[in-house]
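The values are calculated or read from the model by the stated rules, or taken from the named source; none is laboratory data. The structure displayed is predicted, hence computed values, not measured ones. No Cβ is skipped: glycine too gets one built from the backbone with ideal geometry, and neighbour counts run over all protein chains shown.
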Amino acid sequence: MSRPTCGGTRKDSSPCRAPALPDSALCWSHDPRQAEAARAARATGASKGAKVKALNGRRRRLDNQAGLSIFLTNLVHDVVEGKQDPDVARAAMYGCSILRHLAERSIEKRLAEVERLLASLKARPA
């Protein structure tokens, strides 16, 4: 059983396709009873968006250990000082862990190739 869709209209004049609230013909963002909660949610989203944009201005190369370390150190300081939202920092730290893993795999591949070349040089007759 699917829920009915909202009877409201979007900013572009198309019909809203969000599910209606159980006791209303409107969705959460169009129902006037939810206006204050919707306003607060929009304000929170705008605040978090601004904090993400602040991170963009400090882009570093994060493809090596030094770059990741500097970025994470600054990020931790910003969270402790209240300059960065912990949720944004958590997502950035997760991304850094993935980048670290990728960098390690790249180094492992390069090292394996160097070891292979050294072994082939040692195997050559003098």
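Is it the case that Ala43 is under 27 Å from the mean Cα position of the chain (by Cα) and either charged (D, E, K, R) or exposed (fewer than 11 other Cβ atoms within 10 Å of the Cβ) (or both)?
In short, yes.
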| Single residue of segment 81-126 satisfying the filter (at pLDDT below 90 and outside any helix (DSSP H, G or I)) that is surrounded by the most Cβ atoms within 10 Å (Cβ to Cβ) | Arg124
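Let's see how each residue does on (1) outside any helix (DSSP H, G or I); (2) touching a residue at least 40 places away in the same chain (Cβ under 8 Å); (3) more than 28 Å from Asp85 (Cβ to Cβ); (4) of a type outside the set (D, E, K, R):
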position: Ser13; (1), (2), (3), (4): yes, no, yes, yes
position: Asp23; (1), (2), (3), (4): yes, no, yes, no
position: His30; (1), (2), (3), (4): yes, no, no, yes
position: Gln34; (1), (2), (3), (4): no, no, no, yes
position: Arg39; (1), (2), (3), (4): no, no, no, no
| note | In the set Lys122, Lys51, the lone residue that is over 30 Å from Gly8 (Cα atoms), of a type in the set (Lys, Arg) and in contact with a helix residue (DSSP H, G or I) (Cβ under 8 Å, 6 or more places away or on another chain) is Lys51
